[in-house]
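Remarks on the structure that follows.
Derivation of every value follows stated rules applied to the coordinates shown; laboratory data play no part. Only a predicted model underlies this, so the values are computations on that prediction, with no experimental measurement involved. Positions of Cβ are generated from backbone atoms using ideal geometry, with glycine treated the same way; all protein chains shown enter the neighbour counts.
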Amino acid sequence: MRWRSKLLFSLFVVVFSQLAMAQPVSASMSIVVRKPLPAMDFGSFVIGNDLPRQYDVFSVILGGVNGRPVQIYGKLSWVDIGSNTPELMVEFISRRFPARTFTNADLGTFIPIKNHKEINSVIQRNLAKGKPVGRYILELVLLDPISPRDGDDWNLGAAFSPDKVLATAVSNEDLVMENPTQTFVITEPTLPIVDAGNVQATWTPVTGVSYYKIRACYKRTPDQNMGDALRSGVPIINDKNVGVMTSVNLRQYMDRDWEPGKFVVFQVTGYIEGIGQQTIVTQPVNFLIRPQVSAQQQPLVNSLTIAAQNFLNSLPPQFVSNLINGNIAITEIRDENGNVITQAQVAQIVAFLQAHPDAIKNIVLRAK
């Protein structure tokens with residue numbers, strides 16, 4: 001009788017498991033594409049295990065199946081500008097995972113990929129555009145695994161049984177994507193020397209930014225790397241939130257006053273709210289707070305400082321520091337033949353050297 005009891009129990013377990021799997025599931029799935037897309041590269045679309053992705057492009061909201069073992073099949077097609085024909089770029093299917101809402105960044109991490117296929121010829125044409133353009137069609141199918149047995153999952157290319165398809169979703173939209181590294185730039189100050197009383201900063205707006213923060217630091221020496229300057233010392237402006245304004249007077253956000261004769265490094269960071277907060281930054285710019293020198297010397301110092309700032313690698317830092325702080329008294333400038341060079345000629349020489357930096361072969365300073 002014992003073996004009959006075991007047999008009956010085993011049959012009951014099998015039948016119960018099959019009935020549990022056969023229970024109808026009221027599942028739902030929707031795709032939410034992040035809008036606007038202020039930053040993007042094709043790496044956000046690449047499918048594979050353990051690949052880092054910088055941007056969340058879309059989220060997939062699942063309903064009615066939370067925690068249930070499921071698989072996800074997907075394919076991404078591209079319709080080029082001027083075309084009406086979708087071309088397959090990427091196709092993939094995951095291994096089973098506990099169902100929950102996810103983003104593209106979860107594919108290959110939280111959701112392991114079982115098989116994937118990429119159409120390189122289409123991808124290369126897409127990459128040649130420089131950034132994603134046109135229309136991208138994302139199609140997803142939520143699946144029950146083939147059976148409860150671990151590893152018994154669907155493969156790419158299989159014909160899915162209709163009773164195993166829990167839900168489908170399609171996103172078919174024109175995605176206009178800009179790369180902030182190309183468009184997020186500081187446009188002011190544009191002059192290498194500025195007056196301490198009014199330093200106006202302006203930068204290009206980026207769609208999708210919730211707020212900007214600004215940072216300004218002094219350079220320890222004129223030839224200090226701008227990135228190092230931003231990370232070291234005590235900031236003059238310490239990541240102040242300026243909201244969505246793209247033009248501000250820096251004096252309103254300073255923790256202490258400008259010091260004449262010092263180089264300042266300035267940078268803007270944009271914060272984008274959405275599927276996880278992201279940040280974008282401008283390239284830093286630097287400028288000189290106008291030194292306090294005599295009115296007679298000022299035009300000459302300005303021209304030489306512009307030249308010094310462009311050719312710092314060729315000039316001793318101490319010379320540049322003494323020049324901009326007014327510790328060097330410039331009475332006149334002469335050429336190699338002893339002829340006095342006028343202010344207008346100095347300006348012409350500086351303009352030429354700025355346009356042709358390779359013309360400088362060597363700089364020699366001699367004390368007299």
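Is the stretch 180-289 rounded, prolate or oblate when judged by the Cα gyration tensor, a ≥ b ≥ c being the square roots of its eigenvalues, rounded requiring a/c under 1.5 and prolate requiring a/b larger than b/c?
prolate
How do the peptides 218-230, 243-255 rank, highest first, by the average count of neighbouring beta carbon atoms within 10 Å per residue?
Per-residue Cβ counts within 10 Å, averaged per peptide and sorted highest first, yield 218-230, 243-255.
Between Val170 and Ser147, what is the FRET efficiency for a Förster distance of 30 Å, r being their Cβ-Cβ separation, to the nearest 0.05?
0.60
Can you work out ³J(HN,Hα) from phi for every residue in the stretch 97-107, in order, using Karplus 6.51 cos²θ - 1.76 cosθ + 1.60 and θ = phi - 60°, giving whole Hz and x for Gly and Pro?
Residue by residue, the stretch 97-107 yields 8, x, 4, 6, 4, 8, 10, 4, 5, 7, 6 Hz.
Sort 194-201, 151-158 by packing, meaning the average of other beta carbons within 10 Å per residue, with the highest value first.
194-201, 151-158
Give the long-range amide H neighbours of Arg95: residues separated by 5 or more places, or on another chain, with amide H under 5 Å away, using H modelled in the peptide plane at 1.01 Å from N.
Ile113, Lys114
Say R0 is 30 Å: what FRET efficiency, to the nearest 0.05, do Thr202 and Thr342 get from their beta-carbon distance?
Computed FRET efficiency for Thr202 and Thr342: 0.30.
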